[in-house]
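To start, the structure itself, in C-alpha coordinates.
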Amino acid sequence: MFDLDGTVTDSGRAITGSVECALSRFGYYNQPIEKLRTFIGPSLFDSFTREYGMNEEDATRAVNYYREDYDKGRMYDVDIYEGIPELVKELKNRGFRIFLVTSKPKHFSARIAEHIGLLPYFEDVITPTLTDHSSDKKLLIDRAVSEYGLKKEECLMIGDTRFDILGARDAGVDSIGVTYGYGKKEELVEAGATYLVDSAKEIPKVAGLY
(Lines give C-alpha, C1' and ligand atoms only; values in the text may rest on other atoms or scores of the structure.)
Protein backbone atom coordinates (compact mmCIF):
# COMPACT_ATOMS: atom_id res chain seq x y z
CA MET A 1 0.00 0.00 0.00
CA PHE A 2 1.55 3.26 -1.17
CA ASP A 3 0.78 6.73 0.08
CA LEU A 4 0.71 9.29 -2.75
CA ASP A 5 1.95 12.75 -1.68
CA GLY A 6 5.53 12.62 -0.46
CA THR A 7 5.88 8.92 -1.27
CA VAL A 8 5.03 8.39 -4.94
CA THR A 9 4.99 12.03 -6.01
CA ASP A 10 6.71 15.17 -4.84
CA SER A 11 3.56 17.27 -4.83
CA GLY A 12 4.80 20.18 -2.77
CA ARG A 13 4.39 22.85 -5.44
CA ALA A 14 0.85 21.78 -6.30
CA ILE A 15 -0.43 21.50 -2.75
CA THR A 16 1.18 24.61 -1.31
CA GLY A 17 0.14 26.62 -4.36
CA SER A 18 -3.52 25.71 -3.93
CA VAL A 19 -3.31 26.24 -0.16
CA GLU A 20 -1.95 29.76 -0.79
CA CYS A 21 -4.83 30.40 -3.19
CA ALA A 22 -7.40 29.27 -0.60
CA LEU A 23 -5.79 31.26 2.22
CA SER A 24 -5.75 34.42 0.12
CA ARG A 25 -9.57 34.30 0.10
CA PHE A 26 -9.38 34.79 3.87
CA GLY A 27 -6.79 37.54 3.75
CA TYR A 28 -3.73 35.41 4.49
CA TYR A 29 -0.81 36.23 2.22
CA ASN A 30 2.90 35.38 2.06
CA GLN A 31 2.64 32.51 4.51
CA PRO A 32 5.88 30.72 5.57
CA ILE A 33 6.66 27.75 3.35
CA GLU A 34 7.26 25.62 6.45
CA LYS A 35 3.66 26.22 7.50
CA LEU A 36 2.29 25.55 4.03
CA ARG A 37 4.13 22.23 3.86
CA THR A 38 2.30 20.97 6.94
CA PHE A 39 -0.70 20.58 4.61
CA ILE A 40 1.06 17.75 2.77
CA GLY A 41 -0.19 14.47 4.21
CA PRO A 42 -3.13 15.07 6.57
CA SER A 43 -6.62 16.06 5.45
CA LEU A 44 -7.02 19.64 4.28
CA PHE A 45 -9.89 20.25 6.69
CA ASP A 46 -7.74 19.20 9.65
CA SER A 47 -4.87 21.37 8.44
CA PHE A 48 -6.94 24.52 8.02
CA THR A 49 -8.43 24.09 11.48
CA ARG A 50 -5.10 23.19 13.09
CA GLU A 51 -2.87 25.80 11.46
CA TYR A 52 -5.30 28.72 11.15
CA GLY A 53 -7.86 28.05 13.85
CA MET A 54 -10.73 27.97 11.37
CA ASN A 55 -14.16 26.86 12.50
CA GLU A 56 -15.98 24.12 10.63
CA GLU A 57 -17.73 26.48 8.22
CA ASP A 58 -14.59 28.38 7.25
CA ALA A 59 -12.47 25.25 7.00
CA THR A 60 -15.05 23.72 4.65
CA ARG A 61 -14.99 26.88 2.53
CA ALA A 62 -11.19 26.83 2.49
CA VAL A 63 -11.17 23.21 1.31
CA ASN A 64 -13.59 24.10 -1.48
CA TYR A 65 -11.44 27.07 -2.56
CA TYR A 66 -8.40 24.79 -2.55
CA ARG A 67 -10.12 22.16 -4.68
CA GLU A 68 -11.35 24.74 -7.19
CA ASP A 69 -7.78 25.89 -7.79
CA TYR A 70 -6.30 22.39 -7.64
CA ASP A 71 -8.82 21.05 -10.16
CA LYS A 72 -7.87 23.65 -12.75
CA GLY A 73 -4.68 21.71 -13.49
CA ARG A 74 -2.40 22.56 -10.61
CA MET A 75 -2.75 18.98 -9.34
CA TYR A 76 -0.48 17.82 -12.16
CA ASP A 77 2.43 20.04 -11.10
CA VAL A 78 4.26 17.12 -9.47
CA ASP A 79 7.46 15.14 -9.86
CA ILE A 80 7.74 11.37 -9.48
CA TYR A 81 10.31 10.32 -6.92
CA GLU A 82 13.32 8.51 -8.34
CA GLY A 83 12.90 4.75 -8.46
CA ILE A 84 9.14 4.69 -7.91
CA PRO A 85 8.04 3.76 -11.46
CA GLU A 86 10.57 0.94 -11.64
CA LEU A 87 9.57 -0.31 -8.18
CA VAL A 88 5.85 -0.33 -8.87
CA LYS A 89 6.29 -2.06 -12.22
CA GLU A 90 8.62 -4.71 -10.79
CA LEU A 91 6.27 -5.41 -7.88
CA LYS A 92 3.42 -5.85 -10.34
CA ASN A 93 5.49 -8.14 -12.55
CA ARG A 94 6.32 -10.30 -9.52
CA GLY A 95 2.66 -10.75 -8.66
CA PHE A 96 2.31 -8.38 -5.70
CA ARG A 97 -1.05 -6.68 -5.21
CA ILE A 98 -0.48 -2.94 -5.15
CA PHE A 99 -2.83 -0.27 -3.79
CA LEU A 100 -2.68 3.49 -3.58
CA VAL A 101 -3.89 4.46 -0.10
CA THR A 102 -4.12 8.21 0.30
CA SER A 103 -6.04 10.93 2.14
CA LYS A 104 -6.41 12.76 -1.17
CA PRO A 105 -9.91 12.19 -2.60
CA LYS A 106 -10.16 9.70 -5.46
CA HIS A 107 -11.41 12.45 -7.78
CA PHE A 108 -7.87 13.83 -7.67
CA SER A 109 -5.58 10.93 -6.72
CA ALA A 110 -6.69 8.58 -9.49
CA ARG A 111 -6.32 11.30 -12.11
CA ILE A 112 -2.83 12.16 -10.86
CA ALA A 113 -1.83 8.48 -10.90
CA GLU A 114 -3.15 8.23 -14.45
CA HIS A 115 -1.31 11.43 -15.47
CA ILE A 116 2.04 10.04 -14.28
CA GLY A 117 1.37 6.71 -15.98
CA LEU A 118 1.10 4.51 -12.88
CA LEU A 119 -2.65 4.02 -12.45
CA PRO A 120 -2.72 0.65 -14.32
CA TYR A 121 -0.30 -0.82 -11.78
CA PHE A 122 -2.57 -0.17 -8.79
CA GLU A 123 -5.36 -2.64 -8.12
CA ASP A 124 -7.39 0.17 -6.57
CA VAL A 125 -7.09 3.68 -5.19
CA ILE A 126 -8.34 3.71 -1.60
CA THR A 127 -9.37 7.17 -0.41
CA PRO A 128 -11.84 9.00 1.82
CA THR A 129 -14.97 10.46 0.29
CA LEU A 130 -15.06 14.18 -0.52
CA THR A 131 -17.06 14.81 2.67
CA ASP A 132 -14.85 12.71 4.95
CA HIS A 133 -12.40 15.00 6.76
CA SER A 134 -10.51 12.26 8.60
CA SER A 135 -6.73 11.90 8.40
CA ASP A 136 -6.91 8.40 9.86
CA LYS A 137 -5.06 6.04 7.52
CA LYS A 138 -6.13 3.11 9.69
CA LEU A 139 -9.65 3.42 8.32
CA LEU A 140 -8.37 3.28 4.74
CA ILE A 141 -6.03 0.36 5.41
CA ASP A 142 -8.81 -1.56 7.16
CA ARG A 143 -11.09 -0.91 4.21
CA ALA A 144 -8.54 -2.23 1.73
CA VAL A 145 -8.01 -5.35 3.85
CA SER A 146 -11.74 -5.97 4.18
CA GLU A 147 -12.80 -5.22 0.60
CA TYR A 148 -9.99 -7.20 -1.02
CA GLY A 149 -9.69 -10.10 1.41
CA LEU A 150 -6.10 -9.29 2.34
CA LYS A 151 -4.14 -10.82 5.22
CA LYS A 152 -2.77 -8.14 7.52
CA GLU A 153 0.42 -10.11 8.15
CA GLU A 154 1.11 -9.93 4.41
CA CYS A 155 0.43 -6.20 4.07
CA LEU A 156 2.90 -3.33 4.03
CA MET A 157 2.08 0.38 4.20
CA ILE A 158 4.64 2.71 2.63
CA GLY A 159 4.49 6.40 3.52
CA ASP A 160 6.44 9.51 4.43
CA THR A 161 4.59 10.90 7.47
CA ARG A 162 3.50 9.78 10.91
CA PHE A 163 -0.08 9.57 9.63
CA ASP A 164 0.91 6.65 7.38
CA ILE A 165 2.95 4.90 10.05
CA LEU A 166 0.42 5.38 12.86
CA GLY A 167 -2.35 4.20 10.55
CA ALA A 168 -0.41 1.05 9.76
CA ARG A 169 0.43 0.43 13.41
CA ASP A 170 -3.17 0.87 14.52
CA ALA A 171 -4.39 -1.37 11.70
CA GLY A 172 -1.89 -4.07 12.65
CA VAL A 173 0.24 -4.04 9.50
CA ASP A 174 3.96 -3.46 8.96
CA SER A 175 5.16 -0.16 7.56
CA ILE A 176 8.02 1.47 5.72
CA GLY A 177 8.79 5.09 6.50
CA VAL A 178 10.45 6.86 3.56
CA THR A 179 12.71 9.71 4.63
CA TYR A 180 12.81 11.41 1.22
CA GLY A 181 9.29 12.85 1.56
CA TYR A 182 7.82 15.53 3.81
CA GLY A 183 7.85 13.82 7.19
CA LYS A 184 10.87 13.98 9.46
CA LYS A 185 12.85 10.83 10.22
CA GLU A 186 12.29 11.40 13.94
CA GLU A 187 8.51 11.37 13.57
CA LEU A 188 8.64 8.14 11.55
CA VAL A 189 10.76 6.47 14.23
CA GLU A 190 8.54 7.77 17.03
CA ALA A 191 5.42 6.57 15.22
CA GLY A 192 6.89 3.07 15.11
CA ALA A 193 7.88 2.46 11.49
CA THR A 194 8.85 -1.18 10.96
CA TYR A 195 11.49 -0.16 8.43
CA LEU A 196 13.11 3.09 7.27
CA VAL A 197 14.51 3.82 3.81
CA ASP A 198 16.15 6.83 2.23
CA SER A 199 15.14 5.96 -1.33
CA ALA A 200 12.56 3.90 -3.20
CA LYS A 201 15.33 1.61 -4.46
CA GLU A 202 15.94 0.37 -0.90
CA ILE A 203 12.35 -0.79 -0.30
CA PRO A 204 12.54 -4.34 -1.77
CA LYS A 205 15.74 -5.27 0.05
CA VAL A 206 14.82 -3.75 3.42
CA ALA A 207 11.40 -5.41 3.44
CA GLY A 208 12.63 -8.69 1.93
CA LEU A 209 10.28 -8.46 -1.03
CA TYR A 210 12.79 -9.78 -3.58
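The values are calculated or read from the model by the stated rules, or taken from the named source; none is laboratory data. Treat the numbers as computed from the prediction; the structure is a model and nothing was measured. Glycine gets a Cβ as well: all are built from the backbone with ideal geometry, and neighbour counts include every protein chain shown.
Considering the stretch 122-154, and only residues there that are polar (S, T, N, Q) and either outside any helix (DSSP H, G or I) or not assigned by TED's automatic domain parsing to the domain that holds Ile98 (or both), the residue that is farthest from Ala59 (Cα to Cα) turns out to be Thr127.
When His107 is tested against (1) part of a helix (DSSP H, G or I); (2) surrounded by fewer than 17 Cβ atoms within 10 Å (Cβ to Cβ); (3) at pLDDT 95 or above; (4) of a type outside the set (A, V, I, L, M), exactly one condition is not met: (3). Scanning the stretch 61-98 for residues that are in contact with a helix residue (DSSP H, G or I) (Cβ under 8 Å, 6 or more places away or on another chain), in a loop (DSSP other than H, G, I, E, B) and of a type in the set (A, V, I, L, M, F, W, C) returns Val78, Ile98.
Applying the selection to the stretch 47-60, what residues are among the small types (Gly, Ala, Ser) and outside any helix (DSSP H, G or I)? Give the steps one after another, and end with the answer.
Taking the stretch 47-60 first, the residues among the small types (Gly, Ala, Ser) are 47, 53, 59.
Across the stretch 47-60, the qualifying residue is only Gly53.
Do we have any residue at all in the stretch 10-18 that's hydroxyl-bearing (Ser, Thr, Tyr), closer than 17 Å to Ala110 by Cα and within 19 Å of the chain's Cα centre (by Cα)? Give the derivation first.
Filtering the stretch 10-18 down to residues hydroxyl-bearing (Ser, Thr, Tyr) leaves 11, 16, 18.
Okay, now just the ones that are also closer than 17 Å to Ala110 by Cα, so 11.
Filter once more, so that each one left must be within 19 Å of the chain's Cα centre (by Cα): 11.
Yes, the stretch 10-18 contains a residue that is hydroxyl-bearing (Ser, Thr, Tyr), closer than 17 Å to Ala110 by Cα and within 19 Å of the chain's Cα centre (by Cα).
If Arg169 satisfies all but one of (1) of a type outside the set (A, V, I, L, M); (2) in contact with a Gly (Cβ under 7 Å, 6 or more places away or on another chain); (3) at pLDDT below 95, what's the number of the condition it fails? Among (1) of a type outside the set (A, V, I, L, M); (2) in contact with a Gly (Cβ under 7 Å, 6 or more places away or on another chain); (3) at pLDDT below 95, Arg169 violates only (3).
If you scan the stretch 1-22, which residues turn out to be assigned to a helix (DSSP H, G or I), of a type in the set (Gly, Ala, Ser) and in contact (Cβ under 8 Å) with a residue 60 or more places away in the chain?
Looking only at the stretch 1-22, we keep the residues that are assigned to a helix (DSSP H, G or I), and these are 12-22.
Those left that are additionally of a type in the set (Gly, Ala, Ser): 12, 14, 17-18, 22.
Result: Gly12, Ala14, Gly17.
Set side by side, the residues Val88, Val19 differ, and just one is of a type outside the set (S, T, N, Q) and not assigned by TED's automatic domain parsing to the domain that holds Leu156, which is Val19. Every test in (1) under 24 Å from Val178 (Cα atoms); (2) surrounded by 14 or more Cβ atoms within 10 Å (Cβ to Cβ); (3) free of Cβ contacts under 8 Å to residues at least 60 places away in the same chain is passed by Arg25 save one, and that test is (1). Selection of the stretch 100-121 for residues being touching a Phe, Trp or Tyr at 6+ places or on another chain (Cβ under 6 Å) and farther than 30 Å from Glu56 by Cβ yields only His115. Of all the criteria given as (1) under 17 Å from the mean Cα position of the chain (by Cα); (2) under 18 Å from Gly17 (Cα atoms); (3) modelled with pLDDT of 95 or more, the one not satisfied by Arg61 is (1). Note on the stretch 172-199: residues that are crowded, with 23+ Cβ neighbours inside 10 Å and either aliphatic (A, V, I, L, M) or at pLDDT 95 or above (or both) total 8.
Listed by first and then second residue, the pairs with beta-carbon distance under 9 Å, at least 6 apart or on different chains, first residue in the stretch 190-201 and of a type in the set (D, E, K, R), second surrounded by 14 or more Cβ atoms within 10 Å (Cβ to Cβ), are Glu190/Arg162; Glu190/Ile165; Asp198/Val178; Asp198/Thr179; Asp198/Tyr180; Lys201/Gly83; Lys201/Leu87.
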